[in-house]
There are 4 protein chains.
Amino acid sequence: MTTNRLEAFSDGVIAVIITIMVLELRAPSQATLSAALKIVPSFISYGLSFLVVAIMWVNHHHMIHTVHKVTARLLWSNLNLLFWMSLIPFVTDFMGRNYREPISAALYGLDLFLCAAGFYFLRIELVRQSGQDLAMVDYHQSVQRKNAFSGALYLLSVPLAYVSVYASFAIFIVIPAMYFLPEKKLADTSQ
Amino acid sequence: MTTNRLEAFSDGVIAVIITIMVLELRAPSQATLSAALKIVPSFISYGLSFLVVAIMWVNHHHMIHTVHKVTARLLWSNLNLLFWMSLIPFVTDFMGRNYREPISAALYGLDLFLCAAGFYFLRIELVRQSGQDLAMVDYHQSVQRKNAFSGALYLLSVPLAYVSVYASFAIFIVIPAMYFLPEKKLADTSQ
Amino acid sequence: MTTNRLEAFSDGVIAVIITIMVLELRAPSQATLSAALKIVPSFISYGLSFLVVAIMWVNHHHMIHTVHKVTARLLWSNLNLLFWMSLIPFVTDFMGRNYREPISAALYGLDLFLCAAGFYFLRIELVRQSGQDLAMVDYHQSVQRKNAFSGALYLLSVPLAYVSVYASFAIFIVIPAMYFLPEKKLADTSQ
Amino acid sequence: MTTNRLEAFSDGVIAVIITIMVLELRAPSQATLSAALKIVPSFISYGLSFLVVAIMWVNHHHMIHTVHKVTARLLWSNLNLLFWMSLIPFVTDFMGRNYREPISAALYGLDLFLCAAGFYFLRIELVRQSGQDLAMVDYHQSVQRKNAFSGALYLLSVPLAYVSVYASFAIFIVIPAMYFLPEKKLADTSQ
């Protein structure tokens, strides 16, 4: 399997994930302002997940470009990541419709933790592949530390939701911001 | 990231958007002519949005072909545009099922205004990239003026829906016509 | 726009159309054999539409390969065709759930007639493009006659459904058979 | 039709299949732990099917790379396979929601049997194409024996579900394991 094929399939899956989430945004039953306001939490939940998936897509793209060869380990690490990403529409919908309940924030945080872990395992394989290239190993390890940090925060958001869902929401907002801002630099310099 | 990859991902997202809208067309509960007639507004709403998304796809394609390099600014302007486009199935469904209510026409107009704004910001980045090429800057600026005009009309359709939804509908029909007709010429000459 | 891009987008839309139809196959409410048997008409309707869309995809592919340049007329003829194809999941679901009602067979036939008409108009543009190449014009015209014949049959199925839905079903089965069988030869010789 | 086009279309369909399955995972009606636990069977069913479709995708990819030419027989064998694969979201949802009922395990096993049969017929065509290449024929025949074995097990799971659904579940778990483990070696050596 070529890197191109792996990336095209992943892109296809991610494009469907990011788009079908909107099907979970159910139109309010009545066409009044107050009914429309009731879907505001679902809308915010959707917008947040769109941003999260978009960041994952950009990062995934940068990772795949450092692939030397598509080993079985790489292939299945990638499919593992796509599996947890494919659940994002589900946890997004659940959180949007029950945003005050700890369990929905906990599930959202848990799924994003598992996505972060998926990225972590995928990158371990990339580090292995670039064994000779010290600059690349350094680069991967610095991203890996940041990844581990955000994974730990997502994991923390699971029990934290039972203390205060708003504390978990704060984590959900801080992490994309943390990725989004430096990503802008990276993308500028790494084409 | 290459222009090809950016375009392939955008095309994937747009292909899913334009196709999943049909899932919102719910079959009437009874198989009678009068029940079938009840979905006529949803059908018209679907047809209109199909045309709007198709025009956006064609325009997006022409824009991406003038890209020099995929900067972070370009990447995120594009994702911002795709976000608002991804809401089109939602506002289409809402308008089709509540076509007499101001709020549904207002939301439809608001989302299309935000798409037009998304195109505007994306093109600003393209203008920046073609700084040297005066003919290209001129071309972009003439499209930009038209874009600003249709964006302003969509914005106008939001309050107008509370005066008369039919006035907003008129705007929704006039703008695609305005893009569709000259687009035919452009496509003929710009391959 | 290149032929490749047009084909990739069309393929994306067709891949989504052929796949999302399965979402309309709702699992029976009870897990008994008699409940499962109730979805048999929906299943047959799904299988038939899968075959129809697959044949359209193969034919569309052969057509696009004879394209000389992507004119605006070609682009919009293609989008017109995709629009009517995008309604296939809707009419399939409606027919599967109301297979004894004339209106659902009539709508199914009407949509497939409009798809056939869409293919007809798309091919007119191809004939225009191959104005010099008499062998190609001959080839297109022989396909066009067959296309006109099946379009006429689909149009006939609309009023016929009000005489007997089974007569319309016969048309729905005969036409794919008519395309499927000779298609096998064409595909063998035209790679 | 080129091998590339066939693979891109198949990949598109498979990417949509693997992703839309998540739409069947309906959020529990209440945001309590006990309500959330009720979707555990659906979640397991989803995870299993994700793994099955991922394995099919990897195998499909390896098969398509041995294609010499896209004959009609190959094209329609492939579409036959995609048809049965497209039903996986349906049988997955049905099994997840009725996991104690024989009929849902029987339908799941039946569909996977038909997918295995689809792979079998597709490979027969590949064997035909590699008539001269004895090493390739040997390779295909060894895969074919394994394929026939897992197809037979899936067929067995259909009546077995009426003895014990858990016996069928054991088959559903054993077969992916049987493919997944050796697949790792193949992918390592066959790039």
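Bear in mind that the values in this text are calculations on the coordinates, not laboratory data. Note that this is a predicted model, so its numbers are computed, not measured. Note that each Cβ is placed from the backbone with ideal geometry, even for glycine, and that neighbours are counted across all protein chains shown.
Taking the Cβ-Cβ separation of B:Gln132 and C:Asn4 as r and a Förster radius of 25 Å, what is the calculated FRET efficiency to the nearest 0.05?
0.30
Which pairs break 30 Å Cα to Cα here: B:Lys38/C:Lys146; A:Lys38/D:Lys38; A:Lys38/B:Lys146; C:Lys69/D:Lys69; C:Lys38/D:Lys146?
Among B:Lys38/C:Lys146; A:Lys38/D:Lys38; A:Lys38/B:Lys146; C:Lys69/D:Lys69; C:Lys38/D:Lys146, the Cα-Cα distance tops 30 Å for B:Lys38/C:Lys146; A:Lys38/B:Lys146; C:Lys38/D:Lys146.
Binning at 5 Å from 0, report for the range C:14-159 what percent of all alpha-carbon pair distances ends up in each bin.
2, 9, 17, 19, 17, 12, 9, 6, 4, 2, 1, 1, 0
Normalising by the residue count of chain B, find the relative contact order in percent from Cα pairs under 8 Å and 6+ residues apart.
Rounded, it is 23 percent for chain B.
Measuring from a point 7 Å out along Cα→Cβ, what nm distances, shortest first, does D:Leu134 have to its partners in the other copies?
So the distances to the same position in the other copies read 5.3, 5.3, 7.4 nm.
In deg cm²/dmol and to the nearest 500, what is the mean residue ellipticity at 222 nm of chain B if only DSSP H runs of at least 4 residues count, each as -39500 (n - 2.57), divided by the residue total?
Helices in chain B give a 222 nm mean residue ellipticity of -28000 deg cm²/dmol.
What is the distance in Å between the Cα centres of the range C:57-79 and the range A:32-66?
Using only Cα atoms, the two centres lie 35 Å from each other.
In chain C, which whole DSSP H runs stretch at least 24 Å along their own axis (Cα) and average -0.5 or higher on the Kyte-Doolittle scale?
Within chain C the helices that satisfy the rule are C:3-20, C:40-64, C:102-129, C:134-163, C:165-189.
At q = 0.06 Å⁻¹, work out log10 I(q)/I(0) for the protein assembly as shown with the Debye formula, treating every Cα as an identical point scatterer and leaving solvent out; two decimals please.
-0.37
By what distance, in whole Å, do the Cα atoms of the range C:65-149 stretch along each of the three principal axes, largest value first?
Principal-axis extents of the range C:65-149 (Cα, largest first): 50, 25, 15 Å.
Relative to the other copies, what are the label-point distances for C:Ser29, with labels 7 Å from Cα along the C-beta vector, expressed in nm at one decimal and sorted shortest first?
Copy-to-copy label distances for C:Ser29: 1.3, 1.3, 1.8 nm.
Only loop residues by DSSP count here, and only those with at most 14 other Cβ atoms within 10 Å; note down the trypsin sites (Lys or Arg not before Pro) in the range A:81-166 that meet that.
A:Arg100
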